[in-house]
Amino acid sequence: MSRRRGAAALGADPEEEEEEEAVATSEEEQEEDVSEDDEGEDEEAGPSGRDSDAPDALPSDVDETENEEDEEYQEDETDEEMFDETHTVDDVLRSVNDERADGPAPYEILAQRKREANEKNEAAFRAELRSLGVNEREVEGLEGFGGKDKCKGGKGGARVGGGGKNAGKGRNRYRASELLERHNIDKEEVIKKNPAFAAFLGAAKQAGAVGNLARGDGPGRGRPKNPRRTRRRVVLDEAAQKLGEANSLYARGPEEWPRAMELLLEVIRLAPNDPDPYHTMAMIHDETAEGHREKARELVDSHSRIPEGIEVGDERGEQEEEAEDVLGAKIDAAEEEAALQLSLAARYEKKALDYSMIGATLRPRDVDTWYKLAQKSRANKNPRAALFCYGEALKNDPRPYARVDGRGLSNHWAQAEIFLEIREPRRALDHLVDVRDREPGNPRVATLLAQVYADLGDFETAEKTLDDFVAKTPGEVDLTLVNVHAESKMHAHAFAEAVALIDATRDAVVKSERERAKRERVNRAEEARLDARERALEAGEPPDRAERLGHDAAAASVQASLDAQRRDPPFPPDLVAKAAMCALYLNELKDAREKLAELQSADPATYHDLWYECGVVCQDVREFEQAELLFTRLIHEVPDAYDASEVWERVGECVKARVRGSSRDAAYAAAASETAALEFWRSVARRHPHDVDATLPLAEALLKKGVRGREILDALPDEKTLLRAMTAAKTATSSSLPDDRDATVVGGTPLFKKTMKNAQVSDLERVRFRAARAL
């Protein structure tokens, strides 16, 4: 601390202060005389501050003064020293320029160095505690080493493991600062022995250099007025001068950026622990990348339009063809150049991210920078770098879970999403559990947590997670949670529990859906307002009128949303369908039919998947009439997806089963069912006369009815259609029938030669040819 700052802290008299400053000035002048030899030596040493012919060791008085200066100089800094004579910056710079994807990224090199340094410092700190008389049990019981507790965010110094139901059991756990207080050990003395110990005592002294010099730290901020010119000071002054020059060149524009980058690399080698030159390098690389992307866009836009005078068509002269060839060559060249520009942009973006990560690692307390880099890493498809940034942000955030502006929960959620994206669900679980513990009433968290457990095969824990949420916070459930929970119960054949869950959460789900619809309505109205206002301003309307038009558009959007909401079913069709299927499996047919009727009030085009699932369940439990109704409506109202062979077969089976069960007379019922199936397949064949999956079942139905000759042949498609069907069938099954076999199967439909023995020989051969070609 300087004399000025010490006097102010003690409330000294200003006149006495001036006298002390005069004495100090006199002493400093004497020190300058003593250090003249050092100054000359520094000038001979050059920018690096080292004389190759001189020994490494400096005189003792210079070392002591320099250390005192450094302590004052580093007093208020928040940067970290990651580089020294052993761990140089060269490896990191080589990693930045390395185009290969298999090498470690710069932030990974720095993270590894930090881990190794922490482990070394931790071992030294424990050894120091033992030398000071702390017993082995307490030394081994230290908490918070290795960053474990810091990763949870914040810098709390509370005792861990000393309370709760396990209090008094096992080994007590202490923080380092608390342990020193218990043994009356002076913290400052411990830190003086090894400054690295400050990291374990909540008083880490960080190192900064050039950036603070460049910002003009000096007299009045606790610095000596006339500091001694030591070798370190010479290096830092030179680096500060070059950093200022590089910043000026950066501000002048792209033509000066190459020289600015050269100067910044010199600054990095002179003062590698200062984050400012890395951030400036990142900005230059980012803007260079954007310039390359802009060039690529201009190339694509300039050659995407056909110039006037060139006609593209069948009737062209020789000159037009030559002009078109020239244009095509130009377009190809432009596309190649655009691809090159995009490749350069990606390369510069990668380097910009690397430099930013190095700078952030050197100034880790800047939490906002970590979050920006995390988002940038995700945008650049670099999930590992994003995870590292989120981890550093959480570790260095002093108040990650503050009620108003805390970002700890969103941080955990983002990390969980990334781990799921890279298919590491077990690591995502830790973050989801942290969020669940701090936000127990969030249905979104509980739902995703249960889904992760289910993906890992732990269905019991997945169901328990959702059961606990519903039991503890029944009013906070939403549609997604109930939908997933009901589906898990149905998967476990707990149909009665699924129905009970849907009934118990009905009111809460309706409330949640109304709130969701309201939020969406407000968002759509705001988008409509801004869009209408922007279009009005572009059309030259006055601002007042543009604002009115925007409000009118918002009101119209709200009204349209309300009208659509009135047409929606009162209860979500997803849960209606699940309740209906559960009732069908429980043989509660009355309740099932009521639910199916409620489902049929929903638009089949929107909820077609629910209609189909319910139809399949109805068919499984022999409710053929309901299944036929659902399938038939899907065929006619959603033909693009459901007017297909699989649905036809289901409807045909349902028709036959329904008619067969309508009479006690077995013979009559069988005949009637065949007739009903024949009429159904005729209707299908009329809509799809060239589809083998429609016509062959019709031919089979005709054979079963005893029809012979021309009518059967006319029901079949021509040879080309059958040949195409044969090719498709061979491609799909990679198999064929033996030559001596007279039957073929397409979509489960057999045709046998013996059923056609009364047909003419020519007709028989024709049918056999067509049927054989079908596979």
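The values are calculated or read from the model by the stated rules, or taken from the named source; none is laboratory data. On a predicted model such as this, the values are computed, not experimentally measured, just so you know. Here the Cβ is made from the backbone with ideal geometry for all residues, glycine too, and neighbour counts use every protein chain on show. Each accessible area value is taken on the protein alone, full model and side chains, heavy atoms only, with ligands, DNA and RNA left out. Shrake-Rupley method; radii C 1.70, N 1.55, O 1.52, S 1.80 Å.
As a summary of the residue check, F495 satisfies the conditions (1) more than 24 Å from D437 (Cβ to Cβ); (2) open to solvent by 90 Å² or more (accessible area, probe 1.4 Å); (3) aromatic (F, W, Y) except for the one numbered (2).
In region 527-542, what count of residues is obtained for those that are under 34 Å from the mean Cα position of the chain (by Cα), open to solvent by 50 Å² or more (accessible area, probe 1.4 Å) and of a type outside the set (A, V, I, L, M)? Don't jump to the end; show me each part of the working.
Of the residues in region 527-542, the ones under 34 Å from the mean Cα position of the chain (by Cα) are 527-535.
Adding the requirement that they be open to solvent by 50 Å² or more (accessible area, probe 1.4 Å) leaves 527, 530-531, 533-535.
Checking which are of a type outside the set (A, V, I, L, M) leaves us with 527, 531, 533-535.
Total satisfying the criteria: 5.
Here region 630-646 is the region considered, the condition is being in contact (Cβ under 8 Å) with a residue 12 or more places away in the chain, part of a helix (DSSP H, G or I) and not hydroxyl-bearing (S, T, Y), and the residue that is farthest from S601 (Cα to Cα) is A641.
Do we have R347 as over 29 Å from A454 (Cα atoms) and part of a helix (DSSP H, G or I) here? Considered against the rule, which asks whether it is over 29 Å from A454 (Cα atoms) and part of a helix (DSSP H, G or I), R347 comes out as yes. Of all the criteria given as (1) modelled with pLDDT of 90 or more; (2) part of a helix (DSSP H, G or I), the one not satisfied by S488 is (1). Once region 121-140 is narrowed to residues that are in contact (Cβ under 8 Å) with a residue 60 or more places away in the chain and acidic (D, E), the residue that is surrounded by the most Cβ atoms within 10 Å (Cβ to Cβ) is E122.
From K150, K114, grab the single residue that is under 18 Å from M82 (Cβ atoms), modelled with pLDDT of 65 or more and among the charged types (D, E, K, R). Show your work before the answer.
On the way: K150 fails: modelled with pLDDT of 65 or more.
Result of the check over K150, K114: K114.
Just one of the listed residues (E674, E711) is open to solvent by 60 Å² or more (accessible area, probe 1.4 Å) and either in a helix (DSSP H, G or I) or over 19 Å from R658 (Cα atoms) (or both), namely E711. Scanning region 196-222 for residues that are within 20 Å of V235 (Cβ to Cβ) and either open to solvent by less than 30 Å² (accessible area, probe 1.4 Å) or at pLDDT 75 or above (or both) gives Q206, A207, G208, A209, V210, G211, N212, D217, G218. Scanning region 461-484 for residues that are part of a helix (DSSP H, G or I), under 22 Å from A517 (Cβ atoms) and out of contact with any Gly (no Cβ under 8 Å at 6 or more places or on another chain) returns P474, G475, L479, T480, L481, V482, N483, V484. Of the listed requirements (1) over 25 Å from A508 (Cβ atoms); (2) open to solvent by 60 Å² or more (accessible area, probe 1.4 Å), R566 misses just one: (1). Residues considered: I191, I185. Of these, the only one that is outside any loop (DSSP other than H, G, I, E, B), among the β-branched types (V, I, T) and at pLDDT 80 or above is I191.
Of the residues R516, R506, which is out of contact with any Leu (no Cβ under 6 Å at 6 or more places or on another chain), in contact (Cβ under 8 Å) with a residue 60 or more places away in the chain and of a type in the set (K, R)? Break it down into steps so the answer makes sense when it comes.
Working: R516 fails: in contact (Cβ under 8 Å) with a residue 60 or more places away in the chain.
That would be R506, the only listed residue that is out of contact with any Leu (no Cβ under 6 Å at 6 or more places or on another chain), in contact (Cβ under 8 Å) with a residue 60 or more places away in the chain and of a type in the set (K, R).
In region 620-636 there is no residue matching the filter, namely being open to solvent by 70 Å² or more (accessible area, probe 1.4 Å) and among the small types (G, A, S). Remark: pairs (first residue in region 187-202, over 23 Å from N396 (Cβ atoms); second residue aliphatic (A, V, I, L, M) and open to solvent by less than 40 Å² (accessible area, probe 1.4 Å); Cβ separation under 8 Å; 6+ apart in sequence or on different chains) = V190/L180; V190/L201.
Within the option set L630, L610, L696, being of a type outside the set (D, E), closer than 28 Å to L599 by Cβ and in contact with a Gly (Cβ under 8 Å, 6 or more places away or on another chain) holds for one residue only, L630.
Can you go through E653, E613, E649 and tell me which one is among the charged types (D, E, K, R), surrounded by fewer than 20 Cβ atoms within 10 Å (Cβ to Cβ), in a helix (DSSP H, G or I) and touching a residue at least 60 places away in the same chain (Cβ under 8 Å)?
Numbers: E653 fails: touching a residue at least 60 places away in the same chain (Cβ under 8 Å); E613 fails: touching a residue at least 60 places away in the same chain (Cβ under 8 Å).
Selected residue: E649, the only one of E653, E613, E649 that is among the charged types (D, E, K, R), surrounded by fewer than 20 Cβ atoms within 10 Å (Cβ to Cβ), in a helix (DSSP H, G or I) and touching a residue at least 60 places away in the same chain (Cβ under 8 Å).
Considering only region 588-601, I want to know if a residue exists there that is in contact (Cβ under 8 Å) with a residue 40 or more places away in the chain and not charged (D, E, K, R). There is no residue in region 588-601 that is in contact (Cβ under 8 Å) with a residue 40 or more places away in the chain and not charged (D, E, K, R). Among the residues making up region 418-477, a single one is free of Cβ contacts under 8 Å to residues at least 12 places away in the same chain and among the β-branched types (V, I, T): T461. Since A694 meets every condition but one in (1) surrounded by 14 or more Cβ atoms within 10 Å (Cβ to Cβ); (2) at pLDDT 90 or above; (3) not basic (K, R), which condition does it not meet? The one condition A694 does not meet is (2).
Any residue at all in region 501-510 that's at pLDDT 90 or above and in contact with a Lys or Arg (Cβ under 9 Å, 6 or more places away or on another chain)? Within region 501-510, one or more residues are at pLDDT 90 or above and in contact with a Lys or Arg (Cβ under 9 Å, 6 or more places away or on another chain). Set side by side, the residues R524, R545, R514 differ, and just one is within 27 Å of the chain's Cα centre (by Cα), open to solvent by 90 Å² or more (accessible area, probe 1.4 Å) and not aliphatic (A, V, I, L, M), which is R524.
When E349, E266, E262 are screened for being among the acidic types (D, E), closer than 22 Å to D91 by Cα, modelled with pLDDT of 90 or more and in contact with a His (Cβ under 8 Å, 6 or more places away or on another chain), only E349 passes.
The number of residues in region 557-572 being free of Cβ contacts under 8 Å to residues at least 40 places away in the same chain and either more than 35 Å from the chain's Cα centre (by Cα) or assigned to a helix (DSSP H, G or I) (or both) comes to 8. One residue stands out in region 573-601 among those that are of a type outside the set (K, R) and either over 19 Å from R506 (Cα atoms) or part of a loop (DSSP other than H, G, I, E, B) (or both): the one that is least open to solvent (accessible area, probe 1.4 Å), namely L584.
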